[in-house]
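To start, the structure itself, in structure tokens.
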Amino acid sequence: GAGSVANTPEAGDVEYLAPVTIGGQTVNMDFDSGSSDLWVFNTQLSLNTLSGHMAYNPAQSSTFQLLPGSTFSISYGDGSGAAGNVGTDTVNIGGATVTGQAIELATDVSTSFVTDTQSTGLIGLAFSKLNTVKPVQQKTFFDNALATLPEPVFTADLRHNAAGTYEFGAIDSTKFSGPLAWTPVNTTSGFWQFTSQAFAVGGGAPSTSVPGGQAIADTGTTLMLADQSVVDGYYSQVQGAVNNATVGGVTFPCSATLPDLQIDVGGTMATVRGDDINFAPVDQTGTTCFGGLQATTVQPQIYGDIFFKSNFVAFNGGNNSLGVAPH
Ligand SMILES: C[C@H](Cc1ccc(C(C)(C)C)cc1)[C@H](NN)c1nnnn1Cc1ccc2c(c1)OCO2
């Protein structure tokens, strides 16, 4: 059946956590449409590492089974990572249930995950070809659930500093306005990748030549990482915007009025509200603010939570497409 859970932004909308029940144990996890491993903090880790975290205890689950000899090791684009061994268990997300789901049990996690005490791990929702388990690659929760969901979809409804929803198996049309604009997804990269070749600032004339012209929909990335041409074009319209090497990106006066950004999603222009591009102050006085839109020098572009706060997104694993609508 379908499943629906509330998600909650951590302070500053850094990441969005939602409850996942594994072998009867409910833990909060970071739903990540930009990776494909489900890994958890668990009782194999040292008490130091576990300090402050919830942890999954396989010994307490009557349905846990070890996958002997299986290991995982994942590193993320921000330099963080985790590694460990693997078993299977029953996973229930708001009623959507999968038996025999690969549960990757970290025995080593990077510092940034240790300090992020509200998160018990990541649940990857990109395509299973990116899963890191060896010797036999494992499937994502969504892949395993596809056959039993009423509709082969999951949806992301992320909000600024407010509860939202992750839903599996149904599209709740009360969560967005107007029709969903559907675009085909290129699954070759293993990401939910689509064409994004144009942008406009504050309703101005669109530019239609973004180099590379590809982007991925990534709920596991905090910001929106776009081509330099998009970043330059946008912040040229923001008084006082500077590339601030000290803080590692574009900043502007917190008092600045930020224009909306229109960005191409498979031929339809989606809007990212200017307010959502004012991400956070970088100083105690709240004078200088850090942009939610930053540059990436690698392709594809990564449309993270900043994009999702203005747009409801449906991920269709039946025909490999993305549906986008303002919310
Ligand atoms: C980074 C996340 C994965 C993650 C999420 C949360 C965390 C912390 C809890 C510790 C805060 C670390 C890692 C992303 N997921 N698809 C990802 N995984 N692989 N690439 N990306 C996207 C990317 C790539 C590069 C970048 C970036 C993002 O932010 C800064 O530089």
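The values are calculated or read from the model by the stated rules, or taken from the named source; none is laboratory data. From a predicted model like this one, the values you see are computed outputs, not experimental measurements. As a convention, Cβ positions derive from the backbone with ideal geometry for all residues, glycine included, and neighbour counts pool all protein chains shown. Areas reflect the complete protein model, heavy atoms only, side chains present, ligands, DNA and RNA absent. Shrake-Rupley method; radii C 1.70, N 1.55, O 1.52, S 1.80 Å.
Observations, loosely collected:
- Fraction of alpha-carbon pairs over 17 Å apart in the stretch 232-317 - percent: 50
- Surface composition of the chain: carbon and sulfur make up 52 percent of the accessible area, probe 1.4 Å.
- The chain - Rg and Dmax from Cα coordinates, angstrom: 19.6, 60
- Cα shape, the stretch 1-108, gyration tensor, a/c 1.5 rule: rounded
- Probing with 1.4 Å while keeping every protein chain in the model, the per residue accessible area of the chain equals 40 Å².
- Cα-based Rg of the stretch 43-84 normalised by 2.2 N^0.38 Å, two decimals: 1.41
- Extent along principal axes [Cα atoms of the stretch 82-180; Å; largest to smallest]: 45, 34, 22
- Kirkwood-type hydrodynamic radius, the stretch 135-198: 14.4 Å, calculated from all non-identical alpha-carbon pairs.
- Only protein heavy atoms count here; on that basis, with a 1.4 Å probe, Trp182 has an accessible area of about 110 Å².
- Its Cα centre serving as origin, the chain has a Cβ charge dipole (Lys and Arg +1, Asp and Glu -1) of approximately 360 debye.
- Ser229-Thr268 FRET efficiency (beta carbon distance; Förster radius 22 Å; 0.05 resolution): 0.65
- Linear extension gain, Ser177 paired with Ser110, 0.36 nm per residue minus alpha-carbon span: 20.1 nm
- Distance histogram for the stretch 157-309 (every C-alpha pair counted, 5 angstrom bins, percent rounded to whole numbers): 2, 9, 18, 22, 21, 15, 9, 4, 1, 0
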